[in-house]
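Worksheet: one structure, shown below.
The values are calculated or read from the model by the stated rules, or taken from the named source; none is laboratory data. Because the structure is a prediction, the values reported are computed rather than measured. Glycine gets a Cβ as well: all are built from the backbone with ideal geometry, and neighbour counts include every protein chain shown.
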Amino acid sequence: MRVFKNIAVTGGAGFIGSNFIRHIFQDKQFSGRVINIDKLTYAGNAESLADVQNSFSDRYFFERVDICDFKAVKSCFEKYDIDCVIHFAAESHVDRSIHGPAEFIQTNIVGTFDLLEVCRQVWGGRNDTLFHHVSTDEVFGSLGDSGYFYETTPYDPRSPYSASKASSDHIVNAYHHTYGLNVTMSNCTNNYGPYQFPEKLIPVMLLNMLGEKPLPVYGDGMNIRDWLYVIDHCSGIWSVVQNGKIGETYNIGGENEWTNIDLVNCMCELVALKTGKDKEYYKKLITYVKDRPGHDRRYAIKCDKIKSELGWNQSVTFDSGLSLTIDWYLNNQSWIESIKSGEYLLWVDKNYTGRD
């Protein structure tokens with residue numbers, strides 16, 4: 001098992017990054033430090049880690065740094081003697097990539113390149129370091145009614161977002177093969193859980209229900225996604241970081257497929273149960289809207305490799321995870337209000353129709 005003393009988590013103030021930092025601090029075998037490198041864009045919220053800051057003030061450090069700022073990133077590496085990077089930082093909203101792809105190219109491609117260059121320059125030929133790259137199943141394109149994405153599935157990205165992530169995946173692999181940089185990579189399915197910024201399907205639908213706003217569903221609502229509880233994703237990444245084979249990619253999925261419309265109807269019923277309202281009260285808010293350009297029909301991952309090689313498995317059922325997620329949003333109104341004040345929410349209200 002690999003052991004690291006100073007782990008840099010890029011995008012650690014975001015949804016998955018903040019859950020990951022909290023997750024590894026709960027691992028009693030981990031005694032190192034975590035340096036959260038985050039630009040704090042609209043989707044980043046330092047308050048998401050206030051509990052970690054209070055409990056681990058001698059081991060958790062925050063640096064407000066743009067990963068595209070080479071000098072600032074290099075300074076962080078030298079200041080903290082970083083020996084591992086877990087790279088979450090990315091622009092990740094497909095709708096936004098369609099409306100404005102430039103930010104996605106800059107952050108996801110150029111930012112990843114800058115990080116890799118810092119690692120190459122600072123680490124040199126060291127063999128006790130690791131760069132773990134967090135990617136997405138969207139790089140594989142779209143599936144039909146059957147079949148699954150495997151680690152060997154050819155890339156076929158369909159949106160500016162997925163194309164930018166595919167490019168960064170290739171750059172990471174190139175730095176391994178060309179410069180001998182120790183890397184691992186993971187591709188995940190749709191995440192859900194606490195601290196998710198309300199631009200993605202589950203928190204958008206939940207907050208719209210509570211605000212009695214329309215529940216916009218793309219096209220015929222039959223697009224299929226595989227849903228993974230964020231803590232299971234975090235445990236999968238941690239398994240790869242500690243024990244994954246260098247140069248290898250691991251798929252991390254929920255093996256839990258839902259059509260968008262079935263998921264929204266399920267949420268209506270569950271929220272109604274928790275709020276004491278009739279389920280039809282929320283279902284009448286469902287509104288079908290024009291499909292987005294290049295909307296992939298189905299994603300589904302096979303994650304046999306991480307299960308057989310590393311012994312990872314999902315630990316949270318979808319029923320339990322969805323219930324926990326809804327409870328978290330219902331009980332954390334102050335967190336929701338703190339992020340709803342941002343300018344980006346105005347864009348969401350005007351342009352957003354539902355991300356899956």
*Restrict the check to region 60-77 and report whether at least one residue is within 21 Å of SER235 (Cα to Cα) and touching a residue at least 12 places away in the same chain (Cβ under 8 Å).*
yes
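Yes or no, residue by residue, for (1) in contact with a Cys (Cβ under 6 Å, 6 or more places away or on another chain); (2) modelled with pLDDT under 95; (3) surrounded by 16 or more Cβ atoms within 10 Å (Cβ to Cβ):
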residue	(1), (2), (3)
ILE261	no, no, yes
LEU270	no, no, yes
GLU280	no, yes, no
VAL289	no, yes, no
TYR299	no, yes, yes
GLU309	no, no, no
ASN313	no, no, no
_ASP319 vs. criteria surrounded by fewer than 14 Cβ atoms within 10 Å (Cβ to Cβ), modelled with pLDDT of 90 or more, farther than 27 Å from TYR161 by Cβ and in contact with a Lys or Arg (Cβ under 8 Å, 6 or more places away or on another chain)_ = no
*asked:* Looking at the structure I just gave you, is GLU151 more than 28 Å from TYR42 (Cβ to Cβ), outside any helix (DSSP H, G or I) and either touching a helix residue (DSSP H, G or I) at 6+ places or on another chain (Cβ under 7 Å) or charged (D, E, K, R) (or both)?
replied: yes
*Would you mind stating whether PHE88 is over 18 Å from ASN190 (Cα atoms), among the aromatic types (Phe, Trp, Tyr), crowded, with 19+ Cβ neighbours inside 10 Å and in contact (Cβ under 8 Å) with a residue 40 or more places away in the chain?*
no
*Any idea how many residues of region 98-136 are under 21 Å from the mean Cα position of the chain (by Cα) and either within 21 Å of TYR175 (Cα to Cα) or modelled with pLDDT of 95 or more (or both)?*
20
_Among the residues that make up region 67-80, is at least one of them buried (at least 18 other Cβ atoms within 10 Å of the Cβ), in a helix (DSSP H, G or I), within 15 Å of the chain's Cα centre (by Cα) and at pLDDT 95 or above?_
no
*If you go through region 25-34, how many residues are crowded, with 23+ Cβ neighbours inside 10 Å and in a helix (DSSP H, G or I)?*
0
*Report yes if ASP304 is buried (at least 16 other Cβ atoms within 10 Å of the Cβ), over 17 Å from GLY221 (Cβ atoms), modelled with pLDDT of 95 or more and of a type in the set (D, E, K, R), otherwise no.*
no
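Here's the yes/no breakdown for (1) among the hydroxyl-bearing types (Ser, Thr, Tyr); (2) in contact (Cβ under 8 Å) with a residue 24 or more places away in the chain:
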residue	(1), (2)
LEU228	no, yes
GLY236	no, yes
TYR250	yes, yes
ALA272	no, no
THR287	yes, yes
LYS290	no, yes
HIS295	no, yes
_PRO160 surrounded by fewer than 22 Cβ atoms within 10 Å (Cβ to Cβ), touching a helix residue (DSSP H, G or I) at 6+ places or on another chain (Cβ under 9 Å) and not aliphatic (A, V, I, L, M)_ = no
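Here's the yes/no breakdown for (1) free of Cβ contacts under 8 Å to residues at least 24 places away in the same chain; (2) outside any loop (DSSP other than H, G, I, E, B):
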position: PHE4; (1), (2): no, no
position: GLY12; (1), (2): no, no
position: ASN19; (1), (2): no, yes
position: ASN36; (1), (2): no, yes
position: TYR42; (1), (2): no, no
position: GLU47; (1), (2): no, yes
position: GLN53; (1), (2): yes, yes
*Filter region 171-182 for residues that are among the hydrophobic types (A, V, I, L, M, F, W, C) and either under 18 Å from the mean Cα position of the chain (by Cα) or within 16 Å of GLY111 (Cα to Cα) (or both); which is surrounded by the most Cβ atoms within 10 Å (Cβ to Cβ)?*
VAL172
*Mind checking which residues of region 136-167 are of a type in the set (S, T, N, Q), closer than 18 Å to THR189 by Cβ and touching a residue at least 60 places away in the same chain (Cβ under 8 Å)?*
SER142, SER159, SER162
*Among SER146, SER168, SER186, which is small (Gly, Ala, Ser), farther than 30 Å from LEU324 by Cβ and either in contact with an Asp or Glu (Cβ under 9 Å, 6 or more places away or on another chain) or crowded, with 21+ Cβ neighbours inside 10 Å (or both)?*
SER168
*Select from region 145-184 the residues that are hydrophobic (A, V, I, L, M, F, W, C) and more than 24 Å from CYS119 (Cα to Cα) and list them in ascending order.*
PHE149
*asked:* Looking at region 119-133, can you tell me whether even one residue there is buried (at least 23 other Cβ atoms within 10 Å of the Cβ) and in a helix (DSSP H, G or I)?
replied: yes
*Consider PHE104 against the criteria (1) surrounded by fewer than 20 Cβ atoms within 10 Å (Cβ to Cβ); (2) in contact with a helix residue (DSSP H, G or I) (Cβ under 6 Å, 6 or more places away or on another chain); (3) part of a helix (DSSP H, G or I); (4) not aliphatic (A, V, I, L, M): it satisfies all of them except one. Which criterion is unmet?*
(1)
